[in-house]
Amino acid sequence: MTTEPLSADGLPPLREVVRRHGLEPKKALGQNFLFDLNLTGRIARAAGALDGVTVVEVGPGPGGLTRALLAAGAQRVVAIERDPRALPALAEIAAHYPGRLDVIDADAVGFDPRPLVGDGPVRIVANLPYNVATVLLTGWLGAETRDEVWPPWWESATLMFQREVAERIVADEGDRANYGRLGVLCGWRTQATILFDVAPSAFVPPPKVTSSIVHLRPRPAPLPCRIADLERVTRAAFGQRRKMLRQSLKAATPDPARLLAAAGLPETARAEEIPVAGFVALARALEAGG
């Protein structure tokens, strides 16, 4: 029996849902729940107009963002949840929005949602579990599967990360403190922007860090190179980021001087000074015989 007035979407308040289903957040699952439906609505709106769109959501928990996405007009939400405790609460949302919510009992890491999303436009929108956020993102960018097919199956991704991770995602050579392998990969295949921050107090339990909403849109035609080669040169270069490339790239090739000459880069440069296009040039030179 509901003990509080229904929310604007006609469903019980999230605090009541959590209490009724015993959904205390688990640190081991990286769970931090958002109870403020105004905030989840803002995140849903950040993904753009959702009419006719299928949304893939990871880690819905009690379903605050799920509800916001459906209320915002998403044609369908495919919610991937590994915590079996959350499934009954999500089933209640599915019953409230018949035919529009598919709940998948699975671990999103390594899970391929493509067979489930159909042929229409697909967007990823998620308050990602902090402990797997970067792994999920690099998987969607093709790095985990060496997927050379691009553009991908999703037309945009609106995702929550710890602020420090968000800064690394959007960083380029102009932000040397945060620029690294993640910035190169994201900058190569997407246009990434931090939209707004979310204070720790918005979560239950409150994390120790500020969070940020990041919007990523795939570049239709990134500079061509193989993912494996790009990862090899960035791993070497940023693995010893304070050293000159003529030294750090020895981890990727026995002849860094030849590789740098082929890419048109100075031997004395350091990884944090090289733009994405420079790393692509290094990857292409490596493929050509590095």
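The values are calculated or read from the model by the stated rules, or taken from the named source; none is laboratory data. Treat the numbers as computed from the prediction; the structure is a model and nothing was measured. Positions of Cβ are generated from backbone atoms using ideal geometry, with glycine treated the same way; all protein chains shown enter the neighbour counts. Protein only, heavy atoms only, side chains kept; ligands, DNA and RNA dropped before computing areas. Shrake-Rupley method; radii C 1.70, N 1.55, O 1.52, S 1.80 Å.
How much length would be gained if the chain were fully extended between Arg163 and Ser201, taking 0.36 nm per residue of separation minus their Cα-Cα distance, in nm to one decimal?
Fully extending the segment from Arg163 to Ser201 adds 12.2 nm.
Top to bottom by accessible area (1.4 Å), largest first, where do Ser7, Ser212, Ser201 land? Could you put the intermediate results ahead of the total?
Values: Ser7 30, Ser212 0, Ser201 100 Å².
Listed by decreasing accessible area, they come as Ser201, Ser7, Ser212.
Through the Karplus equation 6.51 cos²θ - 1.76 cosθ + 1.60, θ set to phi - 60°, convert the phi angles of the stretch 74-81 into ³J(HN,Hα) values in whole Hz; use x for Gly and Pro.
These are the phi-based 3J(HN,Hα) values: 4, 4, 7, 10, 9, 9, 9, 10 Hz.
Among the DSSP beta bridges whose two residues both lie in the chain, what percent are antiparallel, rounded to the nearest 5?
50
How far is helix 227-239 tilted, in degrees, relative to the longest principal axis of the Cα atoms in the chain, given as a value from 0 to 90 rounded to the nearest 10?
Tilt of helix 227-239: around 80 degrees.
Can you give me the long-range amide H partners of Gln75? Hydrogens built in the peptide plane at 1.01 Å from N, cutoff under 5 Å, separation of 5 or more residues or another chain.
Answer set, sorted by chain and number: Gly52, Val53.
Taking a ≥ b ≥ c as the square roots of the Cα gyration tensor eigenvalues, with a/c under 1.5 meaning rounded and otherwise prolate when a/b beats b/c, else oblate, which class fits the stretch 96-157?
Since a/c reaches 1.5 but b/c is at least a/b, the shape of the stretch 96-157 is classed as oblate.
Run the reach check for Lys243 against aspartates and glutamates, Cα to Cα strictly under 19 Å, same-chain hits fewer than 8 apart removed. What comes back?
Within reach: Asp172, Glu173, Asp175, Glu231, Asp255, Glu267, Glu272, Glu273.
Using the Karplus equation 6.51 cos²θ - 1.76 cosθ + 1.60 (θ = phi - 60°), what ³J(HN,Hα) coupling, rounded to whole Hz, does each residue of the stretch 240-253 give in order, writing x for Gly and Pro?
Here the 3J(HN,Hα) series is 10, 5, 7, 8, 5, 4, 4, 9, 5, 6, 5, 6, 10, 8 Hz.
Enter the angle in degrees (range 0 to 90, nearest 10) between the Cα long axis of helix 87-96 and the first principal axis of the Cα atoms of the chain, meaning the one along which they spread out most.
70
Between (1) 21.0, 72; (2) 23.8, 82; (3) 18.4, 54, which matches Rg and Dmax of the Cα atoms in Å calculated for the structure shown?
Answer label, from the structure shown: (1).
Would you mind checking which residues have amide H under 5 Å from Arg219's amide H? H placed 1.01 Å from N; only 5 or more apart, or other chain.
Amide H neighbours of Arg219: Thr190, Gln191.
Please list 3J(HN,Hα) in residue order for the stretch 107-117, calculated via the Karplus relation 6.51 cos²θ - 1.76 cosθ + 1.60 where θ = phi - 60°; whole Hz, with x for glycine and proline.
Result, ordered by residue: 7, 5, 5, x, 8, 9, x, 4, x, 9, 9 Hz.
Please report the carbon-and-sulfur percent of the accessible area for the chain; probe 1.4 Å, protein heavy atoms only, DNA, RNA and ligands left out.
52
Suppose all protein chains stay in the model; what accessible area per residue would a 1.4 Å probe give for the chain, in Å²?
Accessible area per residue, the chain: 44 Å².
Could you tell me which residue out of Ile169, Ala202, Leu101 lies farthest along the dipole of the chain toward its positive end? Charges go on the beta carbon: Lys and Arg +1, Asp and Glu -1, centred on the Cα centre.
Final value for the positive-end residue is Ile169.
At 7 Å along the Cα-to-beta-carbon direction for both Ala228 and Asp175, put a label point, then send me their distance in nm to one decimal.
3.2
Which of Leu116, Leu34, Leu141 moves most in a GNM of the chain, Cα contacts under 10 Å?
Taking springs between Cα atoms under 10 Å, the residue moving most is Leu116.
Starting from the Cα of Lys208, draw a straight line to each of the aspartates and glutamates and keep only those under 20 Å, dropping any in the same chain fewer than 8 residues away.
Glu24, Asp36, Glu164, Glu167, Asp197
Which aspartates and glutamates have a Cα less than 18 Å from the Cα of Lys27, not counting those fewer than 8 places away in the same chain?
Glu81, Asp83, Asp107
Could you work out which residue, out of Phe279, Phe238, Phe161, moves most in a Gaussian network model of the chain, that is, has the largest mean-square fluctuation with Cα springs under 10 Å?
Taking springs between Cα atoms under 10 Å, the residue moving most is Phe238.
Going by Cα centres, the stretch 62-120 and the stretch 221-290 are how many Å apart?
Going from one Cα centre to the other spans 41 Å.
Label-point separation (nm) for Arg235 and Glu144, each offset 7 Å from Cα along Cα-to-Cβ?
Between Arg235 and Glu144, the label points sit 1.7 nm apart.
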